[in-house]
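Enquirer: I'd like to ask you about the structure that follows.
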Amino acid sequence: MQKIALFNIECYSSSEAIISFIKEHHDKLAVVVTTDRYSGKHGNLFKQIITNYRRSGFDFVIYLTYNFIVYFWLIYLFRLVSFITSRKRKKFTISEICHKYGIRHIKTSNVNSENVVTKLKQANLDLIVIYFFDQIIREQIIKIPKKGVINVHAALLPECKGLFPVFYSAFKNDSKFGITVHEIEDTSIDSGAILAQEKLEVENTEYSILSLDKLVNNKGVKLVFNIINNFDDYHLKQTPQTLGGSYFSFPTRTDVKNVQSKGFSLVSFKEFISDFLD
């Protein structure tokens with residue numbers, strides 16, 4: 001039986017994919033690592049809001065707020081409603097799912113810390129799966145698993161490497177959306193050999209960027225499932241990334257305007273809330 005570690009920054013964009021992944025592979029998962037966003041380098045919530053407002057503007061702050069804050073508020077609200085009314089819940093936190101299956105859950109602002117590295121080594125891992133994660137792993141972690149490290153990136157590499165790949169795909173890659181699973185062999189960002197890719201056909205501006213985040217990330221679940229079960233075959237057939245491509249970090253206010261000029265909204269309250277009520 002393979003032993004796998006999963007790394008993620010918990011949020012609305014990836015939650016459905018990650019929880020689906022955990023449920024599917026709970027018997028293989030030895031460790032789940034998630035980012036503690038309100039300690040360490042990230043700073044407190046107020047500081048993050050001010051920084052993002054100055055850099056990216058109000059609309060992007062709303063996008064991040066829905067993704068990383070309102071999402072959890074609604075989970076806790078529906079948890080209370082479920083307790084009071086005995087109605088079945090639809091959304092759960094990663095911590096709850098890990099507890100259900102007895103999986104070790106590590107929450108950290110520094111994945112490369114000695115404490116985390118020690119726990120990963122103790123897990124005797126075959127594979128590390130990085131799936132919507134905001135920290136760069138160092139060589140000491142890359143060398144831990146026997147088979148290697150794979151990353152699930154929400155864009156068609158080599159285009160739109162780096163942060164917010166779905167956002168940038170909307171106006172930097174002609175609205176071509178998709179998911180890529182590639183290997184990680186060093187600390188370079190999103191540059192390893194490609195194991196598999198899959199496109200997502202989207203009618204232009206049919207969804208908000210936040211909803212597209214979720215749809216694209218959900219595409220990766222089956223892809224990763226196939227790779228885990230046939231890793232040696234995918235590894236032998238891997239495709240080195242071509243030179244060029246593009247890399248992006250946090251968007252500027254101009255970037256946000258460019259996305260909106262393509263007809264995309266960053267957030268749709270109707271789409272967001274219906275995901276909890278359906």
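The values are calculated or read from the model by the stated rules, or taken from the named source; none is laboratory data. If you're wondering where the values come from, they're calculated on a predicted model, not measured in any experiment. When we count neighbours, we look across all protein chains shown, and the Cβ atoms used for this are built from the backbone with ideal geometry, even at glycine. The area values use the complete protein model at the heavy-atom level, side chains included, leaving out ligands, DNA and RNA. Shrake-Rupley method; radii C 1.70, N 1.55, O 1.52, S 1.80 Å.
Enquirer: Name the GluC sites (Glu not before Pro) in segment 196-228 that are in a loop by DSSP and that have at most 12 other C-beta atoms within 10 Å, would you?
Expert: E201, E203, E206
Enquirer: Next question, about the same structure. Select one label from (i) 49, 32, 18; (ii) 27, 24, 19; (iii) 29, 26, 19: the one whose number is semi-axes √(5λ) of the Cα gyration tensor in Å as derived from the coordinates shown.
Expert: Looking at semi-axes √(5λ) of the Cα gyration tensor in Å for this model, the match is (ii).
Enquirer: Can you tell me how much longer the chain between E206 and L277 gets when fully stretched, taken as 0.36 nm per residue apart minus their C-alpha distance, in nm with one decimal?
Expert: Working it through step by step, the gained length comes to 23.5 nm.
Enquirer: Pairs of alpha-carbon atoms within less than 8 angstrom and 6+ residues apart define the contacts here; what relative contact order does segment 179-254 have, in percent?
Expert: 35
Enquirer: Just to be sure I understand the rule: take each whole DSSP H helix in the chain, project its Cα atoms onto its long axis, keep it if the span is 15 Å or more and its mean Kyte-Doolittle hydropathy is at least -0.5. Which ones pass?
Expert: Long hydrophobic helices here: 12-25, 71-85, 209-229.
Enquirer: Sticking with this one: Using the scaling law 2.2 N^0.38 Å as the reference, what is the normalised Cα Rg of segment 205-270?
Expert: 1.56
Enquirer: Under a GNM of the chain (C-alpha, springs under 10 Å), which listed residue has the highest mean-square fluctuation: V129, V202, V111?
Expert: Result for the chain, Cα springs under 10 Å: V202 fluctuates most.
Enquirer: For the chain, with a Gaussian network of springs between Cα atoms less than 10 Å apart, report the residue from L215, L64, L80 with the top mean-square fluctuation.
Expert: Top of the fluctuation ranking is L80.
Enquirer: How large is the direction-averaged shadow of the alpha-carbon convex hull of segment 14-108, in nm²?
Expert: 7.4
Enquirer: A further question on this structure: Given points 7 Å out from each Cα along the Cα-Cβ axis, report the K88 to T239 separation in nanometres with one decimal.
Expert: 4.1
Enquirer: Taking a cut-off of 24 Å, what percent of all Cα-Cα pairs in segment 124-278 are separated by more than that?
Expert: Beyond 24 Å sits 35 percent of the P(r) for segment 124-278.
Enquirer: Further, regarding this structure: Largest first, please: the extent of the C-alpha atoms of segment 102-205 along each principal axis, to the nearest Å.
Expert: The Cα atoms of segment 102-205 stretch 47, 28, 25 Å along the principal axes, largest first.
Enquirer: May I pose another question? Can you tell me the accessible area per residue over the chain, all protein chains present, probe 1.4 angstrom, in square angstrom?
Expert: With the other protein chains kept in place, the chain gives 49 Å² per residue.
Enquirer: Under a Cβ-only charge scheme (Lys and Arg +1, Asp and Glu -1), can you give me the dipole magnitude of the chain about the Cα centre, in debye to the nearest 20?
Expert: Using only the charged Cβ atoms, the result is roughly 820 debye.
Enquirer: Let me ask something else about it. Quick one: work out the % antiparallel among DSSP beta bridges in the chain, nearest 5.
Expert: Looking only at bridges with both residues in the chain, the antiparallel portion is about 35 percent.
Enquirer: Exceeding 26 Å between C-alpha atoms, which entries from my cross-link table qualify? They are K90/K147; K90/K143; K23/K146.
Expert: With Cα atoms farther than 26 Å apart: K90/K147; K90/K143.
Enquirer: What value, in deg cm²/dmol to 500, does the helix sum -39500 (n - 2.57) over DSSP H runs of n ≥ 4 give at 222 nm once divided by the residues of the chain?
Expert: -13000 deg cm²/dmol
Enquirer: Whenever you get a sec, compute what percent of the accessible area on the chain sits on carbon and sulfur atoms (1.4 Å probe).
Expert: 52
Enquirer: Where is the GNM fluctuation largest for the chain (alpha-carbon springs, 10 angstrom cutoff): S265, S249, S20?
Expert: Fluctuation is largest for S249.
Enquirer: Once both labels are modelled 7 Å past Cα along the beta-carbon direction, what's the R104-Q122 spacing in nm?
Expert: Going from the R104 label point to the Q122 one covers 0.5 nm.
Enquirer: So, one more: Suppose each label sits 7 Å from its Cα in the direction of the beta carbon; what would the N44-R253 distance come out to in nanometres?
Expert: With each label point 7 Å from Cα toward Cβ, the separation is 2.6 nm.
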